[in-house]
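Encoded as structure tokens, the structure appears first; notes follow it.
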Amino acid sequence: MKFIGTTVAAIALIFSGLVFAESSAADDVEKGKEIAAGICAGCHNADGNSTIPIYPILAGQDSGYTAKQLRDFKAAGGEVAARDNMIMAPMVATLSESDIENLAAYYSQQQPKPGTAGNASLAEAGKRLYQGGNLENSIPACSSCHSPNGQGIPPHYPRIDGQHAAYTLSQLQAFRLGTRKNDTNNTMRMIVSRMSEQEMEAVSEYISTLR
Ligand code: HEC
Ligand code: HEC
């Protein structure tokens, strides 16, 4: 009987541990929501579904990717930030590591509302590049890392489906200029160095149509 009692106690302990972990995760999302409403909503909207095309949609993004971006915007030890952006730099300057985790968890749980598609013929040209790459210039298919429907492969390859075309284009240009250099092993910088301006515009348009 003593053995059974101990087992029951152990199971109860494990169970209460699970319940505790779950409720504290919910508290963290709640904390993320508060910061999002106070500081970030002006540009990204309260639920991360920005309606202004130069501000990215954050809703539904993998939390590991979002947390990495928030860290990468920080300029540490007098060095230029790996993702050097003068709008986001002051936004992340005062965020603690747990604020970053909480914000990332909050946005990952929001339902994305994709932007609307604009130019259909441009999107069609972008589709070929996205799904098949451009062999002649050694541009790999975007689908190989970001998946055919743009959902990405978390946490390293972000989802990009339904993102505003203007924002996506700005990131391809930032990788080309080198103001964004937070892609491990130069992956994106290598790819964009082989792309024409027209290809960047077309593929950005196509990505905005992905669901
Ligand atoms: C004044 C407008 C503004 C505010 C306020 C703002 N952002 Fe941003 N955010 C931007 C812009 C512009 C970019 C694109 C930066 C770039 O080009 O690298 C961005 C990019 C991001 C990204 C990168 C998304 C991706 O797909 O890689 C994240 C994450 C983000 N913001 C989170 C936040 C959070 C969290 C807050 C609040 C603490 C916040 N932002 C406040 C304008 C804003
Ligand atoms: C070999 C894998 C790989 C391929 C192929 C690839 N990407 Fe990426 N891409 C990445 C990685 C990794 C990141 C994230 C870098 C980081 O951590 O910030 C990224 C980030 C991006 C972002 C930034 C997303 C955001 O929310 O800011 C865009 C846009 C993008 N890729 C577009 C493309 C396009 C368009 C193509 C095809 C021409 C492509 N990628 C092909 C690996 C890849």
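Out of Asn102, Pro114, Gln61, whose Cα points farthest toward the positive end of the dipole of the range 60-132 (charges: +1 Lys, Arg; -1 Asp, Glu; placed on Cβ)? In the range 60-132, that residue is Pro114.
With the other protein chains left in place, how much accessible area per residue, in square angstrom, belongs to the chain at a 1.4 angstrom probe? Don't jump to the answer; show the numbers that get you there.
Numbers: 12020 Å² over 211 residues.
That works out to 57 Å² for each residue.
Roughly how big is the chain's charge dipole about its Cα centre, with Cβ charges of +1 (Lys, Arg) and -1 (Asp, Glu), in debye to the nearest 20?
Once rounded to the nearest 20, the dipole reads 300 debye.
The range 100-135 and the range 137-211 have their alpha-carbon centroids 9 Å apart. Compactness of the chain was expressed as the Cα radius of gyration divided by 2.2 N^0.38 Å, which yields 1.22.
Note down the magnitude of the dipole of the range 120-209 about its Cα centre, charges +1 on Lys and Arg C-beta and -1 on Asp and Glu C-beta and zero elsewhere, to the nearest 20 debye.
Charge dipole of the range 120-209: 300 debye, to the nearest 20.
To the nearest ten degrees, helix 120-132 and the longest principal axis of the Cα atoms of the chain are 70 degrees apart.
Within the shell defined by Cβ-Cβ distances under 12 Å, the residues around Pro114 carry a net charge of +2, with Lys and Arg each +1 and Asp and Glu each -1.
Within the chain, what whole-number % of the accessible surface is contributed by carbon and sulfur, with the 1.4 Å probe and all protein chains included in the calculation?
C and S fraction of accessible area: 61 percent.
Quick one: Debye curve from the C-alpha atoms of the range 120-209, no solvent, what's log10 I(q)/I(0) at q = 0.18 Å⁻¹? At q = 0.18 Å⁻¹ the computed log10 ratios are -0.73. Note on His156: accessible area is roughly 150 Å² with a 1.4 Å probe, heavy atoms of protein only. Between the helical axis of 63-72 and the longest alpha-carbon principal axis of the chain there is an angle of about 70 degrees.
The values are calculated or read from the model by the stated rules, or taken from the named source; none is laboratory data. Quantities reported herein were computed from a predicted structural model and do not represent experimental measurements. Please note: Cβ atoms are built from the backbone with ideal geometry, for glycine as well, and neighbour counts cover all protein chains shown. The accessibility values were calculated without ligands, DNA or RNA, using every heavy atom of the protein model including side chains. Shrake-Rupley method; radii C 1.70, N 1.55, O 1.52, S 1.80 Å.
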